[in-house]
1. So in the stretch B:187-205, with the set limited to residues that are more than 14 Å from chain A (Cβ to nearest Cβ) and surrounded by fewer than 20 Cβ atoms within 10 Å (Cβ to Cβ), which one is nearest to B:PHE335 (Cα to Cα)?
2. Consider the stretch B:340-382. How many of its residues are of a type in the set (Asp, Glu) and within 14 Å of the chain's Cα centre (by Cα)?
3. Somewhere in the stretch A:295-306, is a residue under 25 Å from B:SER273 (Cα atoms) and either aliphatic (A, V, I, L, M) or in contact with an Asp or Glu (Cβ under 9 Å, 6 or more places away or on another chain) (or both)?
4. Would you check if B:GLY401 is in the same structural domain as B:SER145 (by TED's automatic domain parsing), surrounded by fewer than 24 Cβ atoms within 10 Å (Cβ to Cβ) and either β-branched (Val, Ile, Thr) or not in a loop (DSSP other than H, G, I, E, B) (or both)?
5. Taking the criterion of being hydrophobic (A, V, I, L, M, F, W, C) and over 22 Å from the mean Cα position of the chain (by Cα), would at least one residue in the stretch B:80-96 satisfy it?
6. Among the candidates A:THR234, A:THR259, A:THR289, which residue alone is outside any helix (DSSP H, G or I), modelled with pLDDT under 95 and facing chain B (nearest Cβ under 8 Å)?
7. Name the strands (runs of 3 or more DSSP E) wholly inside the stretch A:1-105 in which the number of residues that are touching a residue at least 40 places away in the same chain (Cβ under 8 Å) and touching a strand residue (DSSP E or B) at 6+ places or on another chain (Cβ under 8 Å) is 3 or more.
8. Pairs please, first residue from the stretch A:391-418 and free of Cβ contacts under 8 Å to residues at least 60 places away in the same chain, second anywhere and crowded, with 18+ Cβ neighbours inside 10 Å and not in a loop (DSSP other than H, G, I, E, B), Cβ atoms under 9 Å, 6+ apart in sequence or on different chains.
2 protein chains.
Amino acid sequence: MAYDSSIISIDAARLLDRIEQLGQIGRDGGDRLVRLAGSDEDKRGRDALVSWMKEANLEVAVDKIGNIFGIWRASSEDDQAPVMVGSHIDTVIDAGVYDGCYGVLSGIEVIQTLQAAGFVPSRPIVVAAFTNEEGVRYTPDMMGSLVYAGGLSVEEALSSVGTDGSVLGEELERIGYAGCEEPGFLKPHAYVELHIEQGPVLEKEGIQIGAVENLQGISWQRITIEGVANHAGTTPISMRSDAGYAASRVISFLRDRATSSQTPTVATVGCISFEPNAVNIIPSRAIFTVDLRDPNEHSLQAEEAALAAFLTDLAAAEGVKIATERMARFEPVTFDATIVKIVEAASEQRGLTSKRMTSGAGHDAQMIARICPAAMIFVPSIGGISHNPREFTSGPDLVAGANVLLDVISNLASDHEK
Amino acid sequence: MAYDSSIISIDAARLLDRIEQLGQIGRDGGDRLVRLAGSDEDKRGRDALVSWMKEANLEVAVDKIGNIFGIWRASSEDDQAPVMVGSHIDTVIDAGVYDGCYGVLSGIEVIQTLQAAGFVPSRPIVVAAFTNEEGVRYTPDMMGSLVYAGGLSVEEALSSVGTDGSVLGEELERIGYAGCEEPGFLKPHAYVELHIEQGPVLEKEGIQIGAVENLQGISWQRITIEGVANHAGTTPISMRSDAGYAASRVISFLRDRATSSQTPTVATVGCISFEPNAVNIIPSRAIFTVDLRDPNEHSLQAEEAALAAFLTDLAAAEGVKIATERMARFEPVTFDATIVKIVEAASEQRGLTSKRMTSGAGHDAQMIARICPAAMIFVPSIGGISHNPREFTSGPDLVAGANVLLDVISNLASDHEK
């Protein structure tokens, strides 16, 4: 049967209803949504997901790290590398209902729509829900996809000890999601992740679809400045070694540099503490974090180097000692240019505005990009708010994104050579 | 009997021994010196002080707020307004042994030296130990001298609730230091307070005696900046309302202004916190304190006004809301020029280097200056360190300061008209 994307669309009501249903699973006493990886709430979310996969006649597989796969093998080509749609359904504490879940549920929706339209894929289509993307209970985050891509051994991941003292492997066993498949057992032909932007750009610019062409590299450092505690009244300014003032200089430097940069570099100081933290004592110590991001590795390294040079000069000028500790470092990821173009073309064909953009947040797609061509599709987040119950994307925007996903997946699962 | 200050000096060994003894009273399990106002440790320190006053044949009186007075009435002029020497013996937590105690014990030492030398004062000489100067357990600090000078009612002070839930009046009753005298019952002819500098100036400049001519005014504010919490990766710099960055601008502004000022203004940001205080979230709120000091009221007001104007501009430029709350405000105190000259002259006569200086810290002298001519004498603090077990002033410096006090008190207690 010929397939024409201009005549089919996803079932908006079914998709929105499932997002709503999944968002009600894991509410705590204060009505906060909390589905941490490996928890009882996670199990209930997974059970619902599996039931919808079965409703779509998908073959359900679970791997050793608990990643869930719903596989549609519809043709004689079912030994081909599959097209994979994925994201996650674990949440942060007091989460919104869209982050992750939207991508997974849209994957099922796309398959059901294609099935109903009589679409015959040239290769299997798989929906994946990766374990512990949020990293709230167990570190690192994006764990399931990292293991799947071979970046972390399954043994190491399963032995992770949670913030509550639990062991991930035991918890997966307990909730019935310690599967048999080896992570990586399905090597994708391509991977596409549909996600809310979690940033303000699409909404502010009035654009419906983000064709995500890359994902920022991340550099996290903890900086400790050691000065000398002294009386705030009796110590002349010229005789001070003020760790707090030195910290303020770093914060201003980072921001002013990012503001004046020609690149999309962002820099954030999110955590800070002073010691002894008394009104009338000059801080002897300031500890703060630096989050630097840039989609270009050379630019990110340049930002790190500029910060290091600034710290060296600052230490000499202010008579303080400065130590830096690397907390995390991920190189930028460049997504597959072909898939990005397909996303743009699908948006245009649907009459949707789109723009190429960078993902500022980390996603499972950055891990899966290690093993196959991958890209992402973003839809607007109102106010850029995420990881918060006020996280919101309008119904029409959610539907538009899922229809773009429909077109992209049908394209990737069609044999263009035939 | 003729009195010649060139031929008598205080008993160095006796003074240093008493400082040492008092410094051993109130050690906790970790050998930390902790004599908080109204505590059992305070009682033991007071008992030792009273025993030394009695050893000096002083008449001991206690007022309703627990201030202790050792009165030497040696002449027929004992109805004259007395010369008062004073300070405090309560301490901070993990204190040094000199802060306060040095001034009180030197007062007793001066009287005993004058007695032994046959000096006949023209008016009584009184040593005062004021209650709760440190303000650690009960607020406000400098409470005993404030009440004595009429700045706070004795009822209000006695009803102060401590950090441990105790009531000061009940604690003073319990330890036997709720006296009968009305605060202010002795109206001094003059007041002199000998104290360690608690700052680095005298040591760094190699000067032995500080002739303290004034005391800085203090302005304490708590500033709250409200921005918008957003994802550190997905929010472009241009779309941020970063409360932490705005706070850093204030800290830098205060410091840079103080550095370039032609006045002795000091500015300190000692406390800070960010919310939500996460590595990858732009701070939605920054709360910090500002401690501004200047010996001139007009200058202090100018600094406050400059800060207020900067905050107004900053709020507009950064899209944040800024609220300020006054925590404390004391006007500067100008000490008595005649007594300051006597301190300088006594230093010169002793062959000691001296300089006029400003007290950066608060002292009981600033309260007593409301009711009589007052001044202070400073001796060097090594490294400017105070409120810390490493607080240190050398023996010779302590003795030199006590000898200057001796000369100043004998001068003030001599009838120059006769």
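1. Going residue by residue through the stretch B:187-205, those that are more than 14 Å from chain A (Cβ to nearest Cβ) are B:187-194.
Now narrow it down to the ones that are surrounded by fewer than 20 Cβ atoms within 10 Å (Cβ to Cβ): B:187, B:189.
Values: B:LYS187: 17, B:HIS189: 14 Å.
Within the stretch B:187-205, the match that is nearest to B:PHE335 (Cα to Cα) is B:HIS189.
2. Kept after step one, since they are of a type in the set (Asp, Glu), are these residues of the stretch B:340-382: B:344, B:348, B:364.
From what is left, the residues that are within 14 Å of the chain's Cα centre (by Cα) are B:364.
Here the count works out to 1.
3. No; the residues of the stretch A:295-306 include none that is under 25 Å from B:SER273 (Cα atoms) and either aliphatic (A, V, I, L, M) or in contact with an Asp or Glu (Cβ under 9 Å, 6 or more places away or on another chain) (or both).
4. Values: in the same structural domain as B:SER145 (by TED's automatic domain parsing): yes; surrounded by fewer than 24 Cβ atoms within 10 Å (Cβ to Cβ): no; either β-branched (Val, Ile, Thr) or not in a loop (DSSP other than H, G, I, E, B) (or both): yes.
Criteria not met by B:GLY401.
5. Residues of the stretch B:80-96 that are hydrophobic (A, V, I, L, M, F, W, C), as a first pass: B:81, B:83-85, B:89, B:92-93, B:95.
Still in the list and also over 22 Å from the mean Cα position of the chain (by Cα): B:81.
Checked the stretch B:80-96: at least one residue is hydrophobic (A, V, I, L, M, F, W, C) and over 22 Å from the mean Cα position of the chain (by Cα).
6. Working: A:THR259 fails: outside any helix (DSSP H, G or I); A:THR289 fails: modelled with pLDDT under 95.
Step by step, each of A:THR234, A:THR259, A:THR289 is checked, and only A:THR234 is outside any helix (DSSP H, G or I), modelled with pLDDT under 95 and facing chain B (nearest Cβ under 8 Å).
7. Values: elements: A:59-62, A:68-72, A:83-87.
Once the strands (runs of 3 or more DSSP E) in the stretch A:1-105 are filtered for at least 3 residues that are touching a residue at least 40 places away in the same chain (Cβ under 8 Å) and touching a strand residue (DSSP E or B) at 6+ places or on another chain (Cβ under 8 Å), what remains is A:68-72, A:83-87.
8. These pairs meet every condition: A:SER394/A:VAL379.
The values are calculated or read from the model by the stated rules, or taken from the named source; none is laboratory data. Please read all numbers here as calculations on a predicted model, not as lab measurements. Counting neighbours? That spans all protein chains shown, and the Cβs are built from the backbone with ideal geometry, glycine included.
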